[in-house]
Amino acid sequence: MNILVTGGAGFIGSHLIERLLYLGHHVTAVDDFSNGKKEYLPSTNVEHFTFVEGDILDRHLLEDLVEECDLIYHLAAVLGVKNTVENPLKVIDGCILGTRNILEVAYQKGIKVVFASTSEIYGKNTKLPFTEDSDRVLGPPQTTRWCYATAKSLDEHLCFAYSALGLPITIVRFFNTYGPRQTSSQYGGVVPKFIVAALRNEDLTVYGDGTQTRCFTFIHDTIHALVNCIDEKANDEVINIGSNEKISIASLAAQIRKLADSRSDIVEVPYDVAYGKGFEDMQDREPSLEKAKRLLDYVPSIRMEEGLKETIKWYRERLDP
Ligand code: UDP
């Protein structure tokens, strides 16, 4: 197939492209390098790979890109909770205008879209595990943290609006994917932040009291599920992609410190200090994976310890000695 991947130089996009090329597909990637990196673009099987630097808000560019395309993976988004609280307009525009553009050009050509959504949209719902038809319990608009979840929710509505017009779509909701290449900057996820801090023997900053839990998902598992979204069985469905290994953030810090053989201290930082006044965290996030198993033949196969070791090794090789 000829496949377009938006956000192709990013963490998930670049891993996906490697797998798609390996499977024999032709891939075109678009990325504006706001987060992705050139060095993450593929170095093998490149004869079937094209890269275009650009912004998904550019409709004309997208129209050109989909000319020969059979499928779109729409992964591009402004990411990170810190970005969400600091740059809400950028986050909202990227989600809503970007996704609207993608869906419209896809609709004009009748090309299926696999849309990357997020477990963030379950918000403060306390009924675990989250099934795909669970309620979204989002805080008020004054609390900026919820703008990403709200924008992604609207994106999901957009997907179904186009689906009603006959466009095949699949929505995947990622649950804390981690692994090599995830950004470790202040805008990155907690795993790379803790790993880099641990390798430098700097403090691991646990926000709040550290009792909040997540089900971290290793990138190779996420990619397995994403590739299987090509199957028609996944059309017009919302599917959680996560793991069932639940861990508190305090335990995550301790585990990373141990596996990285680090002398870091683990310190608690109040949410207000980390993210600004009035911040609301999600206390627990746990996916039901029944649907992913049924529709995508997906069962997470990489245990946290194994995934963390591989991720730590990757960062260790890249940090200054
Ligand atoms: N977190 C933390 N220290 C950090 C970064 C994040 O304790 O340096 C916490 C954060 O408050 C949240 C969890 O780790 O409870 C996961 O955060 P992340 O930003 O990776 O993703 P989220 O699940 O919030 O989307």
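Determine, yes or no, whether Q283 is within 14 Å of the ligand (Cβ to nearest atom), open to solvent by less than 70 Å² (accessible area, probe 1.4 Å) and more than 27 Å from T6 (Cβ to Cβ).
Spelling it out, it is not the case that Q283 is within 14 Å of the ligand (Cβ to nearest atom), open to solvent by less than 70 Å² (accessible area, probe 1.4 Å) and more than 27 Å from T6 (Cβ to Cβ).
Just a yes or no: is a residue in segment 144-167 more than 13 Å from the ligand (Cβ to nearest atom), in a loop (DSSP other than H, G, I, E, B) and among the basic types (K, R)?
No, every residue in segment 144-167 fails to be more than 13 Å from the ligand (Cβ to nearest atom), in a loop (DSSP other than H, G, I, E, B) and among the basic types (K, R).
Sort out which residues of segment 119-169 are among the hydroxyl-bearing types (S, T, Y), over 18 Å from N87 (Cα atoms) and surrounded by 22 or more Cβ atoms within 10 Å (Cβ to Cβ), and write them in order of number.
If the condition is that a residue be among the hydroxyl-bearing types (S, T, Y), over 18 Å from N87 (Cα atoms) and surrounded by 22 or more Cβ atoms within 10 Å (Cβ to Cβ), then S119, Y122 are the ones that fit.
Out of curiosity, is R200 more than 11 Å from the ligand (Cβ to nearest atom), charged (D, E, K, R) and surrounded by fewer than 20 Cβ atoms within 10 Å (Cβ to Cβ)? It would help to see each step written out before you state the result.
Details: more than 11 Å from the ligand (Cβ to nearest atom): yes; charged (D, E, K, R): yes; surrounded by fewer than 20 Cβ atoms within 10 Å (Cβ to Cβ): yes.
Yes: the conditions hold for R200.
In this structure, is S264 farther than 29 Å from A149 by Cα, within 13 Å of the ligand (Cβ to nearest atom) and either of a type in the set (G, A, S) or buried (at least 19 other Cβ atoms within 10 Å of the Cβ) (or both)?
Judged against the criteria, S264 is a match.
Are any residues in segment 13-31 under 14 Å from I72 (Cα atoms) and not polar (S, T, N, Q), and if so, which ones? Walk me through how you get there before you give the answer.
Step one: list which residues in segment 13-31 are under 14 Å from I72 (Cα atoms), which gives 13, 16-17, 20, 25-31.
Matches in segment 13-31: G13, L16, I17, L20, H25, H26, V27, A29, V30, D31.
Which of the following residues is of a type in the set (S, T, Y) and open to solvent by less than 40 Å² (accessible area, probe 1.4 Å): Y73, Y107?
Result: Y73 is the single residue among Y73, Y107 that is of a type in the set (S, T, Y) and open to solvent by less than 40 Å² (accessible area, probe 1.4 Å).
Looking at (1) free of Cβ contacts under 8 Å to residues at least 60 places away in the same chain; (2) open to solvent by 20 Å² or more (accessible area, probe 1.4 Å), can you tell me which one I249 breaks?
I249 satisfies all of (1) free of Cβ contacts under 8 Å to residues at least 60 places away in the same chain; (2) open to solvent by 20 Å² or more (accessible area, probe 1.4 Å) except (2).
Residue by residue through segment 170-195, note down the ones that are open to solvent by less than 10 Å² (accessible area, probe 1.4 Å) and within 12 Å of the ligand (Cβ to nearest atom).
F175, Y178, V191, P192, F194, I195
What tally of residues in segment 1-37 results from selecting those that are open to solvent by 60 Å² or more (accessible area, probe 1.4 Å) and either more than 14 Å from Q182 (Cα to Cα) or among the β-branched types (V, I, T) (or both)? Even if it seems obvious, please write down each step before you answer.
Here is the first cut: in segment 1-37, the residues open to solvent by 60 Å² or more (accessible area, probe 1.4 Å) are 1, 18-19, 22-23, 26, 32, 34-35, 37.
The next check asks that each one be either more than 14 Å from Q182 (Cα to Cα) or among the β-branched types (V, I, T) (or both); those that pass are 1, 18-19, 22-23, 26, 32.
The total comes to 7.
Being within 16 Å of the ligand (Cβ to nearest atom), part of a loop (DSSP other than H, G, I, E, B), more than 14 Å from L158 (Cα to Cα) and not acidic (D, E), is that true of even one residue in segment 89-102?
No, the conditions are met nowhere in segment 89-102.
Scan segment 83-104 and tell me whether some residue there is open to solvent by 20 Å² or more (accessible area, probe 1.4 Å) and closer than 22 Å to A234 by Cα.
The answer is yes, given that some residue of segment 83-104 is open to solvent by 20 Å² or more (accessible area, probe 1.4 Å) and closer than 22 Å to A234 by Cα.
On the given criteria, is H48 open to solvent by 20 Å² or more (accessible area, probe 1.4 Å) and either out of contact with any Pro (no Cβ under 7 Å at 6 or more places or on another chain) or within 26 Å of I239 (Cβ to Cβ) (or both)?
For H48, the condition - open to solvent by 20 Å² or more (accessible area, probe 1.4 Å) and either out of contact with any Pro (no Cβ under 7 Å at 6 or more places or on another chain) or within 26 Å of I239 (Cβ to Cβ) (or both) - is met.
Quick one: which residue in G139, G80, G94 is touching a strand residue (DSSP E or B) at 6+ places or on another chain (Cβ under 8 Å) and farther than 21 Å from P168 by Cβ? First the steps, then the outcome.
On the way: G80 fails: touching a strand residue (DSSP E or B) at 6+ places or on another chain (Cβ under 8 Å); G94 fails: touching a strand residue (DSSP E or B) at 6+ places or on another chain (Cβ under 8 Å).
Criteria check complete, one pass: G139.
The values are calculated or read from the model by the stated rules, or taken from the named source; none is laboratory data. If you're wondering where the values come from, they're calculated on a predicted model, not measured in any experiment. Cβ atoms come from the backbone with ideal geometry, glycine included; neighbour counts cover every protein chain shown. With ligands, DNA and RNA removed, areas are computed over all heavy atoms of the protein, side chains included. Shrake-Rupley method; radii C 1.70, N 1.55, O 1.52, S 1.80 Å.
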